[in-house]
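Working notes, beginning with the structure itself.
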Amino acid sequence: MLLAIDTSTGTSVSIVDHDGAGGGVRCLAETGTDDTMRHAEVIGGFIRDALATADVRPAQLSGVAAGMGPGPFTGLRVGIAAAHAFALGIGRPFVPVVSHDAVAWSWYADGGEGALQVVTDARRREVAVSEYDGLDADRLPVRRTGPGLAPRDDVPPARGIRVDAALVPASAVGMLAELAFAAGRLPLADDAPIYLRAPDVTLAERKRVLR
């Protein structure tokens, strides 16, 4: 059973579980908002609410999965930091997942077929783009290209269906992590945020003081 968090677009928190007998995954609880400005304000309450709705105690979790982006610097790091802190607090593994992979998995799991282009807002009149070619034998998405940046008004033509995701569902992040664990395919991603560009604010260089 996993706690899953994604703040690459809005904020989404979920509790998911793997059905060992049936080989499937299920969502026990999920809450979220597509608000892209209030990640830090809502993340703690969402975690509390998801655990309460699922009637799950932190000690029952086997790990914490987090969407690693692509996403803007400020919002993305809130979810990753919260997931890392929660995993450390309960002494369970942290499982990184590419957020676009979760969107793709959700689309294919709902019956989508063929080529897929996943697009999310990257701010500054740009979007993040990834392309997929279905699911593999382990039911994990096959990413063909990306994630990469493109101008919002000049996205490369999709080879198949284009999906613009305003919110990455944490349930898909968690379910993807559960399937990867069952298939022995972890880690799915590096434990490093996918920012695609430098943050808007950087530390100024220290100036030497002459005496």
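Since every read-out is calculated from the coordinates, none of them should be taken as a lab result. As the structure is a prediction and not an experimental result, all values here were calculated from the model. Note that we place each Cβ from the backbone using ideal geometry, even for glycine, and neighbour counts take in every protein chain shown.
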- request: Could you grab the pairs with beta carbons closer than 8 Å, sequence gap of 6+ or different chains, first residue in the stretch 133-146 and at negative phi, second one among the aromatic types (Phe, Trp, Tyr) and part of a loop (DSSP other than H, G, I, E, B)?
  value: none
- prompt: Which of (1) surrounded by 16 or more Cβ atoms within 10 Å (Cβ to Cβ); (2) under 15 Å from the mean Cα position of the chain (by Cα) does Ala192 not meet, given it meets every other one?
  reply: (1)
- request: Would you mind telling me which numbered condition in (1) within 23 Å of Thr31 (Cα to Cα); (2) surrounded by 16 or more Cβ atoms within 10 Å (Cβ to Cβ); (3) of a type outside the set (Asp, Glu); (4) more than 13 Å from the chain's Cα centre (by Cα) Val127 fails?
  value: (1)
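Okay, residues lined up against (1) farther than 22 Å from Thr11 by Cα; (2) polar (S, T, N, Q); (3) surrounded by 16 or more Cβ atoms within 10 Å (Cβ to Cβ):
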{"residue": "Tyr132", "(1), (2), (3)": "yes, no, yes"}
{"residue": "Arg139", "(1), (2), (3)": "yes, no, yes"}
{"residue": "Arg143", "(1), (2), (3)": "yes, no, yes"}
{"residue": "Ala150", "(1), (2), (3)": "yes, no, no"}
{"residue": "Ala170", "(1), (2), (3)": "no, no, yes"}
{"residue": "Leu176", "(1), (2), (3)": "no, no, yes"}
